[in-house]
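Structure first, commentary second.
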Amino acid sequence: MGNEKKRSLIEWGKNVLIVLLALSALYLLGRTQLYVDGAASGGHLLSGLKSIFSEEEPVSPGQVLGDWSQGTLPRPVRMVVLTPQGSAGIQYDNTVLDSLFLEFTNPLADALTSAGTPQQVSEEAFRTALSAQRPGIYLDFLGRVPLTNLTAWLSGGRAGNVELPHSIRRMLLTLSEDGRVLLYFIDENTGNCYVSETASDLAQRLERFVAGVSPNGAAFAFQSGEAYASLAPYTLLGGGVSPQPDRFSVTNPVPITDGGEDYGDAFEALVRSLSFQPQSMSYRSRDGVTIQEGSEKLRFSDSGQVTYEAAERTDPRFPLQGLSQNPTEWELVGSAWAFVERVFQTSSASPLCGDARLYIQGLEETEDGVAVLIGYQLDGAAVVVGQLGCAARIEISDGAITGFQFQLRKYTYVQQGPQVLPELQATAALEAQEAQGSELLLYYYDDLRGDEVTADWGAF
């Protein structure tokens, strides 16, 4: 075959690929709306989500975090094991992640407790460490976890490391070229990258942990060439295998039954867990029930939303013990997490959220203080639920919880769902909707009207 004919065939192949990607993008555009700045007609999504488819004395963390257990520990939704042979990435599979993470909790706890004062480094240094073929573990917690909280939870409630006053989503424990054990992370408040040296005796434990792990082709977008250059750099790509996310049924775990003043056992249990009494004055409205004690009201909607706003701030119903005068982020997040965990464990059989897990989304400022946002995740994919968008929004001011909203939903595994489109086609659709720079992630959207949810790609 002549050179001219070969070139002609190559160009023809390139044109076919471009046409296929364009058609895929158009197909995806036809399937759904585009969510801009977290909102769309018919529902509110998480801030920043665009869908391309359907000098004080230190406070001990033990004072404000509640009882720690491995079951309530916020866990990563993705992990990358770095080896001299290459990388192995795991995401959208909580079963495998749980097994690996529980093996890694002790080394990670020791690394965090022994970490020295972090030094700011360039993002290039962080990416170089991720790309170096040396033993390491990368973790992504999806939301925003204060390192002080994480240190305390991992170490069984011992005091957190005051050298780590940062909140992170992504972190990397790895070896340097000269054999030192280094902890890298990105501060979610500033976007700055940091590195801290940890205990040297962790080197052998890290090497043993990654031994025998085989690379699986997973890589970050910044390592994956021009085809994925439009994605956020730390988007983890699965090496060409299209995910096949699970399908879940969804119900309201605290339905309001019509029985006079008796609204059901689940309802009464939740009311008591929130320090109200079921026999207090209550009245039925068109879309729910209100429990009233004095000037305070606890509202339950038929769709599972629970709302409370303090009427009297001088004698709060939900005081937070142990907070400093000017609470740090880890104090606020730890207090809110302990409160929500207690509420969602009302049932002795299983948590109110069923097969879903809670994760810490982050903080937002309010007029009087802050609100801590806690979301649902299913098999490592975020769940965007109703108008609230998350599982819980806890308002804190003046040393107490002064308001909260829950969107109660119980998710139960049904079966494995259909495969989603390949990452390359999803990336093309993202570009077509001018969402460059976004992170390509699976997510579930629960509009409160259906009885099942399935995952699809979204741009965060």
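Every number in this text was worked out from the coordinates using simple rules, so none of it is lab data. Please read all numbers here as calculations on a predicted model, not as lab measurements. Note: ideal-geometry Cβ built from the backbone for every residue, glycine included; neighbour counts use all protein chains shown.
Here are the numbers:
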item: More than 15 angstrom apart: percent of Cα pairs within the stretch 295-389; result: 71 percent
item: Sites matching GluC sites (Glu not before Pro) across the stretch 341-387 that sit in DSSP coil, with at most 14 neighbouring C-beta atoms within 10 Å; result: 367
item: For residue 385, residues with placed amide H under 5 Å, excluding near neighbours; result: 390, 446
item: Normalised contact order of the stretch 196-325, rounded percent, pairs of Cα under 8 Å and 6 or more residues apart; result: 11 percent
item: Distance-filtered residues of the stretch 246-287 - backbone nitrogen under 17 Å, label point 7 angstrom along residue 414 Cα→Cβ; result: 246-253
item: Percent breakdown of C-alpha pair distances by 5 Å bin, ordered from the shortest bin, for the stretch 398-460; result: 4, 13, 18, 15, 13, 13, 12, 6, 4, 2
item: Zero-based 10 Å bins, Cα pair distances in the stretch 199-269, whole percents; result: 14, 19, 19, 16, 17, 13, 2
item: Rel. contact order, % - alpha carbon contacts under 8 angstrom, at least six apart, the stretch 269-325; result: 19 percent
item: Overall dimensions of the stretch 262-336 as given by Cα atoms, namely Rg and Dmax in Å; result: 14.7, 43
item: Simple label model, 7 Å out from Cα along Cβ direction - residue 85 to residue 162, nm; result: 4.6 nm
item: Neighbourhood charge, 12 Å Cβ-Cβ cut-off, centred on residue 306 and excluding it, Lys, Arg +1 and Asp, Glu -1; result: +2
item: Calculated FRET value between residue 296 and residue 324, using beta carbons and R₀ = 25 Å, to 0.05; result: 0.40
item: Calculated FRET value between residue 451 and residue 244, using beta carbons and R₀ = 25 Å, to 0.05; result: 0.75
item: Debye intensity ratio I(q)/I(0), log10, the stretch 79-229, q values 0.11, 0.12, 0.13, 0.15 Å⁻¹ (C-alpha model); result: -0.39, -0.47, -0.55, -0.75
item: Whole-number Å³ per residue for the convex hull built on Cα positions in the stretch 327-460; result: 137 Å³
item: Nitroxide proxy distance, nm - points 7 Å out along Cα→Cβ at residue 208 and residue 100; result: 1.9 nm
item: Packing-based ranking, highest mean first, of 227-237, 187-197, 353-363 given that Cβ atoms within 10 Å are counted; result: 353-363, 227-237, 187-197
item: Radius of gyration and Dmax over the Cα atoms of the stretch 116-189, both given in Å; result: 12.6, 35
item: Karplus (6.51, -1.76, 1.60) ³J(HN,Hα), θ = phi - 60°, over the stretch 309-316, in Hz, Gly and Pro reported as x; result: 9, 5, 8, 10, 7, 6, 10, x
item: Pairs of Cα atoms farther than 12 Å apart, the stretch 286-327, %; result: 67 percent
item: Sum of side-chain charges, residue 364 neighbourhood, beta-carbon under 14 Å (Lys, Arg +1; Asp, Glu -1); result: -4
item: Translational diffusion coefficient (Stokes-Einstein; Kirkwood radius from C-alpha pairs) of the stretch 138-181 at 10 °C, 1.306 mPa s, in µm²/s; result: 137 µm²/s
